[in-house]
């Protein structure tokens with residue numbers, strides 16, 4: 001009897017529709033977020049993440065409506081983010097039905113945002129999203145912002161520690177190197193962060209096979225694992241994935 | 001007649017998801033933030049998420065404490081969720097200067113730092129006594145937790161009907177006459193969570 005490892009499908013949206021594509025290039029429609037949310041809720045997803053990857057001001061009302069309609073389908077927690085820059089941005093997302101909010105670029109630019117959010121909503125509602133890329137020259141992982149586009153001078157492990165000290169209750173860690181490759185999660189990166197902080201870490205980027213999930217829980221010390229297209233495209237069913245993990249003696253929630 | 005549940009809405013916490021879960025079960029839910037509304041309630045739910053101080057201050061600023069305690073004494077079926085459980089104790093280490101509702105006398109303390117905090121995700125319960133809320137729910141069912149503080153388990157405590165463990169054992173479900181509370185979020189806990197809320201609605205209906 002212990003805390004189950006979570007499987008989290010992620011819906012990257014342009015506000016209204018789920019989209020696929022790397023770095024806003026070659027986006028293609030991958031479905032209706034409400035229909036996908038209902039499906040994942042029924043298939044045993046432990047949580048759902050909905051991101052507004054366009055994060056443009058004029059599409060914001062559409063994204064909020066998407067959160068409302070997605071939340072109405074769920075009997076599991078909902079995390080929402082993308083483009084949250086101010087307290088008011090976070091408030092409307094929570095009011096629309098999100099249990100947690102993710103912050104990324106805006107937190108790098110103004111780290112106090114993390115503490116402000118944590119004071120108002122509690123640490124359990126504040127997810128610090130970190131996009132990290134291997135920097136071989138300097139033997140570390142560098143924090144990237146603006147959807148993985150822009151380099152910063154932050155070290156990912158140090159930034160994770162600072163974010164947690166400021167009040168983040170969870171880290172959503174995406175490997176820029178692995179994202180979209182389907183070669184498996186970034187085990188060394190995830191282990192480095194998970195061993196450096198005392199909050200749950202969600203691993204993201206690179207998942208395809210059930211073995212990738214087993215590996216990231218066992219060797220990467222991840223508390224949860226997130227994936228998008230392998231679930232949307234029916235490459236991997238959540239139920240089969242969890243049955244596989246249970247057979248590998250990894251604690252998961254089987255019934256839902 | 002449909003059961004009407006009064007949800008105490010003090011401006012923080014995710015009241016909407018509890019409300020939605022009740023609607024799906026065919027119950028009516030009304031939101032209350034005045035003493036008079038609590039006085040008139042036939043069943044009460046106190047949802048909560050976030051900081052202990054935010055909940056206790058909100059109850060006191062809105063003058064809800066006395067009405068709530070009177071309602072509980074009067075036998076109104078009550079369900080506390082997450083912070084709504086912690087508020088029933090004397091005090092919490094999260095805000096030691098504030099007095100809780102003091103229906104139960106254990107302390108709410110921080111979970112130990114040798115495990116990842118918050119305790120976030122799906123965990124199972126250890127049943128300590130027969131429970132009305134957990135009736136018909138599989139013994140190995142998972143419930144969704146999101147908290148860093150919890151009520152310590154005391155010896156000879158017959159009101160705690162289920163515990164959970166994360167670093168240390170803590171109170172997960174408490175039942176005493178009309179007063180029920182859970183540390184997890186039934187409104188976010190899939191089918192077992194819906195069953196628990198349905199059980200509470202049945203208790204509320206039987207009392208009315």
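If I filter region A:97-116 for residues that are within 23 Å of residue A:59 (Cβ to Cβ), part of a helix (DSSP H, G or I), over 19 Å from the mean Cα position of the chain (by Cα) and more than 14 Å from chain B (Cβ to nearest Cβ), do I get at least one hit? Scanning region A:97-116, I find at least one residue that is within 23 Å of residue A:59 (Cβ to Cβ), part of a helix (DSSP H, G or I), over 19 Å from the mean Cα position of the chain (by Cα) and more than 14 Å from chain B (Cβ to nearest Cβ), so the answer is yes.
Within region A:207-241, the set of residues being surrounded by fewer than 17 Cβ atoms within 10 Å (Cβ to Cβ) and either touching a strand residue (DSSP E or B) at 6+ places or on another chain (Cβ under 7 Å) or within 22 Å of residue A:12 (Cβ to Cβ) (or both) comprises A:209, A:233, A:234, A:235, A:237. With the structure loaded, tell me whether residue A:154 is outside any helix (DSSP H, G or I), over 15 Å from the mean Cα position of the chain (by Cα) and free of Cβ contacts under 8 Å to residues at least 60 places away in the same chain or whether it fails that test. For residue A:154, the condition - outside any helix (DSSP H, G or I), over 15 Å from the mean Cα position of the chain (by Cα) and free of Cβ contacts under 8 Å to residues at least 60 places away in the same chain - is met. Tell me whether region B:111-128 contains one or more residues that are more than 14 Å from every other protein chain (Cβ to nearest Cβ) and either closer than 21 Å to residue B:8 by Cβ or surrounded by fewer than 20 Cβ atoms within 10 Å (Cβ to Cβ) (or both). No - not one qualifying residue is present in region B:111-128. If you go through region B:164-208 and keep only what is within 14 Å of another protein chain (Cβ to nearest Cβ), over 24 Å from residue B:17 (Cα atoms) and either assigned to a strand (DSSP E or B) or within 14 Å of the chain's Cα centre (by Cα) (or both), you end up with B:165, B:166, B:168, B:169, B:170.
Restricting attention to region B:138-157, the residues being assigned to a loop (DSSP other than H, G, I, E, B) and under 17 Å from the mean Cα position of the chain (by Cα) number 2. For region B:1-46, the set of residues classified as within 12 Å of chain A (Cβ to nearest Cβ) and part of a loop (DSSP other than H, G, I, E, B) consists of B:11, B:12, B:13, B:14, B:25, listed by residue number. Taking region B:166-184 as the range and being under 12 Å from residue B:119 (Cβ atoms) and surrounded by 24 or more Cβ atoms within 10 Å (Cβ to Cβ) as the test, the residues that pass are B:172, B:183, B:184.
On inspection, residue B:121 qualifies as touching a strand residue (DSSP E or B) at 6+ places or on another chain (Cβ under 9 Å) and more than 22 Å from residue B:25 (Cα to Cα). Within the set B:92, B:42, B:67, the sole residue that is buried (at least 20 other Cβ atoms within 10 Å of the Cβ) and over 23 Å from residue B:162 (Cβ atoms) turns out to be B:67.
Take the conditions modelled with pLDDT of 95 or more, part of a loop (DSSP other than H, G, I, E, B) and over 14 Å from residue A:163 (Cβ atoms) and apply them to residue A:80. Does it pass? Here the answer is no, as residue A:80 does not meet what is asked. Considering the conditions (1) part of a loop (DSSP other than H, G, I, E, B); (2) touching a residue at least 60 places away in the same chain (Cβ under 8 Å); (3) within 13 Å of chain A (Cβ to nearest Cβ); (4) over 14 Å from the mean Cα position of the chain (by Cα), residue B:135 is excluded by exactly one of them, (3).
The sole residue among A:158, A:120, A:112 that is under 22 Å from residue B:17 (Cβ atoms) and surrounded by fewer than 23 Cβ atoms within 10 Å (Cβ to Cβ) is A:120.
Across region A:117-143, the qualifying residues are those that are out of contact with any strand residue (DSSP E or B) (no Cβ under 6 Å at 6 or more places or on another chain) and within 14 Å of chain B (Cβ to nearest Cβ), and the one among them that is nearest to residue A:165 (Cα to Cα) is A:123.
The values are calculated or read from the model by the stated rules, or taken from the named source; none is laboratory data. Fair warning: this is a prediction, and the values are worked out from it, not measured in the lab. A quick note on method: Cβ atoms are made from the backbone with ideal geometry, for glycine too, and the neighbour counts reach across all protein chains shown.
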